[in-house]
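Here, each number is a calculation from the coordinates, and none is a lab measurement. In this text, all values refer to a predicted model and were calculated from it rather than measured experimentally. Cβ atoms come from the backbone with ideal geometry, glycine included; neighbour counts cover every protein chain shown.
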Amino acid sequence: MGALKIPDELLEQADRVPGLSERIARFIKLEVVQHETRLKRFRPETLALVSRALAVSDEKRAAGIDLDAEKTDFMHRLNQMTSSDSL
């Protein structure tokens, strides 16, 4: 990842906040620990599935597809398949 990219206008404001660098470093350390814990908790297949789902979601969002409408439609179809009325 290298150095964090902070927009110039934000960097100027951030320089005025005392102790911000230390708090950001602590936050990054906690995020790394959380990420490593997730990697240990889930099988590689599960992580790959989530990664693919996020990629598909990003592609659909970029194509202008309404993900909320897709979610509503999916939940409706799932409810139809799993409700006792459909048996």
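In summary, T72 fulfils each of the numbered conditions (1) part of a helix (DSSP H, G or I); (2) in contact with a helix residue (DSSP H, G or I) (Cβ under 8 Å, 6 or more places away or on another chain); (3) not aromatic (F, W, Y) with the single exception of condition (2). Of the residues in region 11-21, not one is of a type outside the set (K, R), exposed (fewer than 10 other Cβ atoms within 10 Å of the Cβ) and assigned to a helix (DSSP H, G or I).
Table: residues versus (1) surrounded by 10 or more Cβ atoms within 10 Å (Cβ to Cβ); (2) in contact with a Phe, Trp or Tyr (Cβ under 7 Å, 6 or more places away or on another chain); (3) without any contact (Cβ under 8 Å) to a residue 24 or more places away in the chain; (4) among the β-branched types (V, I, T).
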{"site": "V32", "(1), (2), (3), (4)": "yes, no, yes, yes"}
{"site": "T37", "(1), (2), (3), (4)": "yes, no, yes, yes"}
{"site": "R43", "(1), (2), (3), (4)": "no, no, yes, no"}
{"site": "A48", "(1), (2), (3), (4)": "yes, no, yes, no"}
{"site": "E59", "(1), (2), (3), (4)": "yes, no, yes, no"}
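Residue-level check: of (1) part of a loop (DSSP other than H, G, I, E, B); (2) among the aliphatic types (A, V, I, L, M); (3) surrounded by fewer than 10 Cβ atoms within 10 Å (Cβ to Cβ), I65 misses just (3).
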